[in-house]
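Each remark here refers to the structure printed beneath this line.
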Amino acid sequence: MACGMKLLLVATALSLALSTQHFVQGKPQAREPQVPCFFIFGDSVSDNGNNNLLPTFAKVNYSPYGVDFPQGPTGRFCNGRNIVDVLAELLGFENYIPPFAYANGSEIVKGVNYASGAAGIRKESGRQLGARISMGEQLKNHRTSVLRIIDILGERSLAKKHLSKCLYSVGMGSNDYINNYFLPQYYQTSKKYTLEEYAEVLIKQYTQQILRLRNYGARKVSLVGLGLIGCTPDAIKTYGTNGSSCVEKLNNASQQFNQKLVALVDELNTNFTDSKFIYVNSYEMGSGDPTLVGFKVLDAGCCEVDQYGQCAPNKTPCQNRTDYVFWDGFHPSEASNLISASRTYSAYNSSDTYPMDISHLVQLQLEPQVTAI
């Protein structure tokens, strides 16, 4: 319990520090970021507004989303900051990394967020919800950014050098299961593949996508494994648990995918000695007891949800939001994100020397964390 309370106090102190020291009176304090640029690829866990203008049910630019975010509803699937927001703060960026949909001018030199709610490795994943930006499309958007950065810096060689120093966070695959494989009424994948075969198919396609990212100049890439997708309130409500705390078949799918992702990271590091690929073990981060860090509600979101597992528009959410692991039917609360981001950052930062030297990281496997995401 003492260890759990210590982690909770660390997360609380982190939240206070980031809120009052890094962003003073709504204006960020200038400091040198530990990496020159941060590019983000992912789904709704990282989306900060890219879906706002799309014809889709997977967008959340309305209240009560953003109830704890200074700018209110921005398209983040959270009550406050998402995990990449907190990571950006910890890395020392003066502003949050802008979404591709709104990024313009020279700000893209410091990074772009391409993440899109309902997006997956496979192009069709999430289509029942409407438009979304798949991993393949996110890579196309990144290529557009790279060409713009070449124009801004004036020379291709300067852009190549700059991009090689950036940190790239890539977190994909959840929607290929919860919004594809496990929805046989919309998709044929579960009829065509066993779980083992499907994981292999996903990793094969993912490999080509990661190689494309490397061809665009990425040399420091963090590959985020799948979390406990069977422990979300929506999963528990939809499938039941048969006496377990979570839906085992969904978590088994995550584990099979992650096993192959670890092997891919090893292979990439062996084949490309000028690059560093990092595996972030999100599954183990969420495998502990969330009550040990002060959470009280584990199987329900803080807000009233609609048929899509998202907060019903303009409904008043719970007041004790720090007690909740989840904000809605799928997504972690800001309190969860603070702990997950701080543990991820601590693992990134292998020493107390600043700026952070990611170049020496070979592979990252986080120790089990006593919270769920």
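Have a look at Asn113, Asn95 and point out the one that is surrounded by fewer than 24 Cβ atoms within 10 Å (Cβ to Cβ) and among the polar types (S, T, N, Q).
Of the residues listed, the single one that is surrounded by fewer than 24 Cβ atoms within 10 Å (Cβ to Cβ) and among the polar types (S, T, N, Q) is Asn95.
Can you pull out the residues in the stretch 122-144 that are hydrophobic (A, V, I, L, M, F, W, C) and surrounded by fewer than 24 Cβ atoms within 10 Å (Cβ to Cβ)?
Leu129, Ala131, Leu139
Give me the pairs: first residue in the stretch 118-132 and closer than 18 Å to Leu226 by Cα, second residue surrounded by 18 or more Cβ atoms within 10 Å (Cβ to Cβ) and among the acidic types (Asp, Glu), beta-carbon distance under 6 Å, and six or more apart or on different chains, which are they?
Ala119/Asp43; Gly120/Asp176; Ile121/Asp176; Arg122/Asp176; Ser125/Asp176
Can you pull out every residue in the stretch 153-196 that is within 25 Å of the chain's Cα centre (by Cα), of a type in the set (S, T, N, Q) and closer than 18 Å to Leu261 by Cα?
Within the stretch 153-196, Ser169, Ser174, Asn175 meet the criteria.
So which residues in the stretch 256-294 are within 19 Å of the chain's Cα centre (by Cα) and among the β-branched types (Val, Ile, Thr), if there are any at all?
Residues satisfying the conditions are Val262, Val265, Ile278, Val280.
Assess whether Arg148 counts as being open to solvent by 60 Å² or more (accessible area, probe 1.4 Å), out of contact with any helix residue (DSSP H, G or I) (no Cβ under 8 Å at 6 or more places or on another chain), charged (D, E, K, R) and assigned to a helix (DSSP H, G or I).
no
Given (1) outside any helix (DSSP H, G or I); (2) open to solvent by less than 20 Å² (accessible area, probe 1.4 Å), identify the lone condition not met by Leu264.
In the conditions (1) outside any helix (DSSP H, G or I); (2) open to solvent by less than 20 Å² (accessible area, probe 1.4 Å), Leu264 misses (1) alone.
I need every pair where a residue in the stretch 296-322 that is touching a residue at least 24 places away in the same chain (Cβ under 8 Å) has its Cβ under 6 Å from the Cβ of a residue that is open to solvent by 70 Å² or more (accessible area, probe 1.4 Å) and of a type in the set (A, V, I, L, M, F, W, C), sequence separation at least 6 or different chains.
Taking only residues 6 or more apart or on different chains, the pairs are Tyr308/Phe57.
Need a quick list: helices (runs of 4 or more DSSP H) entirely within the stretch 176-242 having at least 2 residues that are surrounded by fewer than 22 Cβ atoms within 10 Å (Cβ to Cβ), among the basic types (Lys, Arg) and without any contact (Cβ under 8 Å) to a residue 24 or more places away in the chain.
189-192
Name the one entry in Pro28, Pro33 that is modelled with pLDDT of 85 or more and either under 26 Å from Val293 (Cβ atoms) or not hydrophobic (A, V, I, L, M, F, W, C) (or both).
On inspection, the qualifying residue turns out to be Pro33.
Pick out the one residue from Lys220, Lys204 that is over 20 Å from the mean Cα position of the chain (by Cα) and basic (Lys, Arg).
Exactly one residue qualifies, and that residue is Lys204.
What pairs can you find where one residue is in the stretch 46-60 and under 24 Å from Tyr168 (Cβ atoms) and open to solvent by 20 Å² or more (accessible area, probe 1.4 Å), the other is at pLDDT 95 or above and not in a loop (DSSP other than H, G, I, E, B), and their Cβ atoms are less than 7 Å apart, with a gap of 6+ or different chains?
Cβ pairs passing all conditions: Leu54/Gly130.
The values are calculated or read from the model by the stated rules, or taken from the named source; none is laboratory data. Quick caveat: nothing in here was measured; it's all calculated off a predicted structure. Cβ coordinates were reconstructed from backbone atoms using ideal geometry, including for glycine residues, and neighbour counts include every protein chain displayed. With ligands, DNA and RNA removed, areas are computed over all heavy atoms of the protein, side chains included. Shrake-Rupley method; radii C 1.70, N 1.55, O 1.52, S 1.80 Å.
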